[in-house]
Amino acid sequence: MSESKPESGPVINPRVTCEGCSVLLDINDGDRLVFARLSAGSTLKIGNKTYSLQPLIGCPFGSLFQVESGKEKPYLSRFVPPTEENNVQDEGGSQLQEESRDNRAIIDNNQAQTLTGEDIDAMRRQGATGNEIVEALIANSATFDKKTQFSQEKYRLKKQKKYAPRVLLRRPFCRSICEAYFKKYPARIGFLRVDALSLLLSMANVTANSDALVVDMVGGLVTGAVAERLGGTGSVCSTYLGGTPYPIEIIRMFNFSDEICKRILRCSFNDLCSVQIETGEQVSQHEDDCTMESQSNEKTSLSIGTEDVHLSSNNGDTDLVPENKLSSSSKTCKAPKAGEKAPKEAIQSWKENGFSSLIIAAPEQDAWGLVKDFLPLLTYSAPFAIYHQYLQPLATCMHNLQLEKMAIGLQISEPWLREYQVLPSRTHPCMQMSGTGGYILSGTRMHTNISQP
Amino acid sequence: MLLMDSSKKISFNRCIRDGDLVIIYERHDTMKAVKVCENSVLQNRFGIFKHSDWIGKPFGSKVFSNKGGFVYILAPTPELWTLVLSHRTQILYIADISFVVMYLEVVPGCLVLESGTGSGSLTTSLARAVAPTGHVYTFDFHEQRAASAREDFERTGISNLVTVGVRDIQSEGFPDEFSGLADSVFLDLPQPWLAIPSARNMLKQDGTLCSFSPCIEQVQRSCETLRSDFTDIRTFEILLRMYELREWKIDHSKFEDGSSIAYPPCKRRQPSSEVSVGENTSSPAVVARPSAETRGHTGYLTFARRKCDS
């Protein structure tokens, strides 16, 4: 047993919200996921009403909020669910054996509920809480008592979601960001499912002090995930072929500290290779010569902070990207400096030592074409992991790697993930399931001996 | 594990040294861990390998025996370690390990509690995830296994990140000194519901918990116990399906009447007299199919978050 008192490390990702931080709002237990940036002016729309997010500032992540009728208008109020709710379920468990009801006499003709929409609106105006409305609906339902226990629970939950919606304040972390995107806009992350992403990080041995090379064409999700595992040490180089960096705006949702942000760097493939034989002075000469390319690179990387917001709002998806109100309030909150162009010292160091991890997530590209270029930048005995939506490009890539004797321990794997519903007497796999999370080719770079003993 | 110590990490300039722990790769399914020792040899089916031949070579090199056979020398990683470590108990493999580390939201600096330690397979990956400033406190009720685990962590160089304790978590719970300090708790116990109340006290608000159980009855009981103090309770199973490759030379021989046949690789046919020889073209293709043998089940992973009560 340890002698000294346990220490927890420096706070990488605080557990309490603050002004300007990025949050993930879980509405009605996973029904809807929204990313937002908390500020005095930010809002959230549920149904046809808009609520201010101000009450969420300064609260611990994991807090639950419920819509309450206020003096002027409804607002989000923090509440702690009473443990009675859970006792109801437990009681339900013990009464299961006595359940004699079934639905043979219940006719679904939309006439069971006697409260009308106008009645409900009147209740609201009189200041009834959401929970009171739900109870009123139950009391006025002709068929409620005839329902089975499970059916009653389901009914109550459904009404509660509509009349007393709840918002759960969640910390944006690799896992939640990936799940939210996979659920809502999977194409933007190339259908990279959370278990596949976790495998990429393990198989490429991403850890503190790593120098990770990442070809990220999934919006920045992989770059962010790697940076999260580095925790402010090492470096992650998000590289690209050609002159234009791939967009990685998802990294801005992670609430990264400055220390982590400054280790997320960009560098084109050409720049990574061209520094090879040049000294410091010659490098700057070389960069002046390639004016067009480096200028366009710098322009794009510097404008990440502000332009990306406009780009994403043009797509009409204000839900998943920090709301465009950010552009006015960005001056007050910290602008993350992630994604800066890699300085010459970093490039030099990478050239000398090699990268210790390589992850390629380019689900629409030819895998072999990318591996051929980037694998030589990886140090010997370093692992790599390549994600693809389709099997065939990885099969070709693996075959070529074998022929060229560039890697060993090659393996193509496909993750399979199934979720379960676990409830008393109602345990079974969930009805819905993801059909694919993509494929991964992993391996370790070999050192080819030129001379043999 | 070399990476976590920045003075020793692998690079183009870093060569194998006396005292390094290396992974000897014979075949994709045959590997072992060896400590490099100037005067030692490795003996296997390929011959005798002198350790001194390895010193000074880069990791990832192919090295030869006295008989001309060869193996590869790799730098250790938690993934390779999981495949070579000695099994004192049933272990977790990469699919479950990766998912657990991600879903528990373990990042550098975290404090993680684990029970039971078992053979230390998951523990090694947890250590990797919390490095360099976090810590893993792992407990096993079996004194000898705890000692073996401690030895392993010394060998792999992660003992500054892991502390092994001998304790029966099911009956005693976790030590009070960790109350309210744990970011994550991992349970791999026969009756995890007995440990859940203690886990609740150890965890920070919104902290994560994971329980690994092979049987669904265990899962049901654990979930029941979790409901009072935990939220976001989710249960998964995860498996990895492997693929194997084959080169498939499709022989586009044309018959006289214009129809053609594709010959799959394993059939050796003599070209029949009807085939017109002049139009033979073969285009090699690489085809993939799932491996015939695969694992059907390891265990259910149940995750939950400690409720906020203030």
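Read the figures in this text as sums done on the coordinates, not as results from a lab. Keep in mind the model is a prediction, meaning the values are calculated, not measured. Backbone-built Cβ (ideal geometry, glycine too); neighbour counts: all protein chains shown.
In this model, which of A:Lys351/B:Lys57; B:Lys8/B:Lys67; A:Lys262/B:Lys9; A:Lys49/A:Lys161; A:Lys405/B:Lys50 are farther than 26 Å apart at the alpha-carbon?
B:Lys8/B:Lys67
So how strong a dipole does region B:21-76 carry about its Cα centre when Lys and Arg Cβ are +1 and Asp and Glu Cβ are -1, to the nearest 20 debye?
In debye, rounded to 20, region B:21-76 gives about 80.
Only Cα pairs within less than 10 Å get springs; with that Gaussian network setup on chain B, which residue of B:Thr77, B:Thr208, B:Thr133 has the largest fluctuation?
Result: B:Thr133 has the largest fluctuation of those listed.
Compute the angle between helix B:216-226 and the longest alpha-carbon principal axis of chain B, please, reported from 0 to 90 degrees and rounded to the nearest 10.
40
What FRET efficiency comes out for the pair A:Asp373/A:Ser151, r = Cβ-Cβ distance, R0 = 51 Å, nearest 0.05?
Between A:Asp373 and A:Ser151 the formula returns 0.30.
Compute the helix-to-body angle for B:143-155: its Cα long axis versus the longest principal axis of chain B, expressed 0 to 90° and rounded to tens.
The angle comes out at about 60 degrees.
Round to the nearest 0.05 the FRET efficiency obtained for A:Asn110 and A:Lys184 when R0 = 41 Å and r is the Cβ-Cβ distance.
0.85
Tell me which trypsin sites (Lys or Arg not before Pro) from region A:386-453 have a DSSP coil assignment and no more than 16 other beta carbons within 10 Å of their own.
Of the trypsin sites (Lys or Arg not before Pro), the ones in loops of region A:386-453 whose Cβ has at most 16 other Cβ atoms within 10 Å are A:Lys405, A:Arg426.
Run a plain Debye calculation on region B:21-76 (Cα atoms as equal point scatterers, no solvent) and give log10 I(q)/I(0) at q = 0.24, 0.29 Å⁻¹, rounded to two decimals, same order as the q list.
Reported log10 I(q)/I(0), two decimals: -0.95, -1.46.
Using a Gaussian network model of chain B with C-alpha springs under 10 Å, which one of B:Gly180, B:Gly299, B:Gly118 is most mobile by mean-square fluctuation?
Maximum fluctuation in the GNM of chain B, among the listed residues, is at B:Gly180.
Any chance you could give the angle, 0 to 90 degrees and rounded to 10, that helix B:94-103 forms with the longest Cα principal axis of chain B?
50
Could you work out [θ]222 nm for chain B from helices alone, using -39500 (n - 2.57) per DSSP H run of at least four and dividing by all its residues? Round to the nearest 500 deg cm²/dmol.
-6000 deg cm²/dmol
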